[in-house]
Protein chains: 2
Amino acid sequence: MTASLDSPIGSEPDSQLEAVLARATFDSAGLLPAIVQQFDTHEVLMLGYMNREALRRTLTEGRVTFWSRSRQEFWRKGDTSGHAQFVRAASLDCDSDTLLLQVEQIGAACHTGEHSCFDVDPLTPTIGFNHE
Amino acid sequence: MTASLDSPIGSEPDSQLEAVLARATFDSAGLLPAIVQQFDTHEVLMLGYMNREALRRTLTEGRVTFWSRSRQEFWRKGDTSGHAQFVRAASLDCDSDTLLLQVEQIGAACHTGEHSCFDVDPLTPTIGFNHE
């Protein structure tokens with residue numbers, strides 16, 4: 001494949017994608033946690049997990065694909081529910097073992113029908129303040 | 001201990017805290033991933049891990065405490081660096097296996113000196129759009 005100006009990953013897409021996949025650090029089960037955040041409101045929608053192939057698909061298809069730990073299969077978000085996640089930006093953290101995705105969420109992110117998976121169970125922790 | 005009006009966790013603090021700790025679902029290593037988000041800007045700062053005791057301390061002390069997987073010890077954020085995280089809100093997700101924390105971050109969240117651990121390595125994924 002030759003490089004082109006509209007390549008998704010820099011000027012040498014295959015090699016740069018491979019470099020990202022090589023740099024990503026998967027856990028002992030071969031998974032990387034992915035935080036999914038609505039790109040405009042910055043609401044955190046959910047945490048999912050990706051294996052190497054799910055990460056590759058997510059970075060190249062414009063749609064978020066997870067690895068379902070419970071079903072042990074690829075899970076392209078929205079294929080069943082219609083509640084797709086369109087990729088707007090992605091970054092690895094400082095030690096490359098967590099992914100942060102900015103997405104356009106269609107409909108509800110949570111299988112409960114809530115917009116965010118974190119709308120379900122707010123806690124009431126002790127609040128801390130910086131007194132310095 | 002008797003209940004009081006200024007209890008951090010509802011009117012029966014001990015029992016409600018215990019209920020939260022019982023509901024939280026820890027993985028096979030006894031850990032719960034915790035997404036840390038700046039309370040006002042909604043920037044995602046980092047992902048850390050908590051065991052049951054780190055979660056208990058975080059929900060009761062007003063400061064975020066992780067379990068360091070690399071050092072195998074409690075890690076109250078900021079005790080060494082000064083870059084503390086003060087708890088402003090917390091929620092469990094729909095299946096109680098991820099925590100989302102809203103914090104006031106003092107200084108840099110990342111050990112690299114970056115404000116967020118995700119400032120380090122932005123990727124260039126294929127961007128997706130909803131064409132329906």
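The values are calculated or read from the model by the stated rules, or taken from the named source; none is laboratory data. All values reported here derive from a predicted model rather than from experimental measurement. Note that each Cβ is placed from the backbone with ideal geometry, even for glycine, and that neighbours are counted across all protein chains shown.
Taking B:ASP121 as the residue in question, decide whether it is acidic (Asp, Glu) and surrounded by 15 or more Cβ atoms within 10 Å (Cβ to Cβ). So B:ASP121 fits the description; yes.
Kindly establish whether A:LEU92 is facing chain B (nearest Cβ under 7 Å), at pLDDT 95 or above and under 11 Å from the mean Cα position of the chain (by Cα). Before the answer, list the steps.
On the way: facing chain B (nearest Cβ under 7 Å): yes; at pLDDT 95 or above: yes; under 11 Å from the mean Cα position of the chain (by Cα): yes.
Answer is yes for this residue.
Of the residues making up the stretch A:95-129, those that are over 18 Å from A:MET50 (Cβ atoms), modelled with pLDDT of 95 or more and aliphatic (A, V, I, L, M) are A:ILE106, A:ALA108, A:LEU123, A:ILE127. Here's a check for you: in the stretch A:16-50, which residue that is of a type in the set (A, V, I, L, M) and at the interface with chain B (Cβ under 8 Å from one of its Cβ atoms) is surrounded by the fewest Cβ atoms within 10 Å (Cβ to Cβ)? That would be A:VAL20. Note on the stretch B:56-70: among residues that are part of a strand (DSSP E or B) and either facing chain A (nearest Cβ under 10 Å) or in contact with a Lys or Arg (Cβ under 6 Å, 6 or more places away or on another chain) (or both), the one that is surrounded by the most Cβ atoms within 10 Å (Cβ to Cβ) is B:THR65.
Would you pick out the residues in the stretch A:76-95 that are in contact with a helix residue (DSSP H, G or I) (Cβ under 8 Å, 6 or more places away or on another chain) and either buried (at least 18 other Cβ atoms within 10 Å of the Cβ) or not in a strand (DSSP E or B) (or both)?
Residues satisfying the conditions are A:VAL87, A:ALA90, A:LEU92.
Just one of the listed residues (B:GLU114, B:GLU104, B:GLU53, B:GLU73) is in contact with a strand residue (DSSP E or B) (Cβ under 8 Å, 6 or more places away or on another chain), of a type in the set (Asp, Glu) and at the interface with chain A (Cβ under 10 Å from one of its Cβ atoms), namely B:GLU104.
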